[in-house]
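Here's the structure we're looking at; comments come further down.
The values are calculated or read from the model by the stated rules, or taken from the named source; none is laboratory data. Keep in mind it's a predicted model, so treat the numbers as computed, not measured. Virtual Cβ from ideal backbone geometry, glycine too; neighbours counted across all protein chains shown.
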């Protein structure tokens, strides 16, 4: 069994309630014993869908009102690299970028693609897909409006995707954020997940929600 640190155990012992409203959970989270770096904060959601059914797959994006606090590296697959770089992309190109990815390079956080470039980009689906980096229209990462897409990603658009267990996690900020900013970001994330309910799905969509930082215990959220 994995041994927990004294800091983790101390934080866990301070949890006084089995469930919390979102605001109280964030207050408690920010009072946990700190570590030496600015931890990321994530909302984790367990869904009631059947992950084996493709019709019940859950994927989407959320524009965090106050950004994610993370420096996002953006790659754009496009024939017009100059336009993408001018829009703020960190890397841009087509054949040269595809070649680098095939060689194992994944030094970016988000990949965007123009519509016309997708025919070539599909050749690296086996590399990008398992890492959640493959551009898709549903996630808004296949677009011909590169300026808007790059700006949205850089300013705090976060993608979420259900895993094979029916769970997903959404980055909502950093522990150093002010409480009101974290609260707005976390609520926006929960609202976005709630809105991604598959069409025709019957039953309880969201089973439970937890929030945690990189090195902390998680706190259960009472959505009621």
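In the condition set (1) surrounded by fewer than 21 Cβ atoms within 10 Å (Cβ to Cβ); (2) in the same structural domain as residue 25 (by TED's automatic domain parsing); (3) closer than 30 Å to residue 4 by Cα, residue 192 is compliant with all but (3).
If you go through the stretch 116-148 and keep only what is without any contact (Cβ under 8 Å) to a residue 60 or more places away in the chain, part of a helix (DSSP H, G or I) and buried (at least 17 other Cβ atoms within 10 Å of the Cβ), you end up with 121, 124, 127, 128. Does residue 117 meet the test of being over 17 Å from residue 84 (Cβ atoms), in contact with a strand residue (DSSP E or B) (Cβ under 7 Å, 6 or more places away or on another chain) and assigned by TED's automatic domain parsing to the domain that holds residue 90? Judged against the criteria, residue 117 is not a match.
Of the conditions (1) within 23 Å of residue 196 (Cβ to Cβ); (2) at pLDDT 95 or above, residue 62 clears all except one; give me its number. Failed condition: (2).
Residue check: residue 176 meets all listed conditions (1) touching a helix residue (DSSP H, G or I) at 6+ places or on another chain (Cβ under 7 Å); (2) surrounded by fewer than 16 Cβ atoms within 10 Å (Cβ to Cβ); (3) outside any helix (DSSP H, G or I) but one, namely (1).
Scanning the stretch 82-99 for residues that are surrounded by fewer than 20 Cβ atoms within 10 Å (Cβ to Cβ) and within 11 Å of residue 114 (Cα to Cα) yields a total of 1. Of the helices (runs of 4 or more DSSP H) contained entirely in the stretch 1-88, those carrying at least 3 residues that are touching a strand residue (DSSP E or B) at 6+ places or on another chain (Cβ under 9 Å), within 28 Å of residue 152 (Cα to Cα) and assigned by TED's automatic domain parsing to the domain that holds residue 183 fall at 22-31.
The single condition among (1) assigned to a strand (DSSP E or B); (2) under 30 Å from residue 182 (Cα atoms) that residue 92 does not meet is (2).
Examine the stretch 99-112 for a residue that is assigned to a loop (DSSP other than H, G, I, E, B), over 17 Å from the mean Cα position of the chain (by Cα), free of Cβ contacts under 8 Å to residues at least 24 places away in the same chain and under 13 Å from residue 150 (Cα atoms), and state whether such a residue exists. Taking every residue of the stretch 99-112 in turn, none turns out to be assigned to a loop (DSSP other than H, G, I, E, B), over 17 Å from the mean Cα position of the chain (by Cα), free of Cβ contacts under 8 Å to residues at least 24 places away in the same chain and under 13 Å from residue 150 (Cα atoms). Across the stretch 89-98, what is the number of residues that are more than 14 Å from residue 74 (Cβ to Cβ) and touching a residue at least 24 places away in the same chain (Cβ under 8 Å)? Total satisfying the criteria: 3. Inclusion of residue 27 among residues that are at pLDDT 90 or above, in contact with a helix residue (DSSP H, G or I) (Cβ under 8 Å, 6 or more places away or on another chain), surrounded by fewer than 19 Cβ atoms within 10 Å (Cβ to Cβ) and more than 23 Å from residue 205 (Cβ to Cβ) is warranted.
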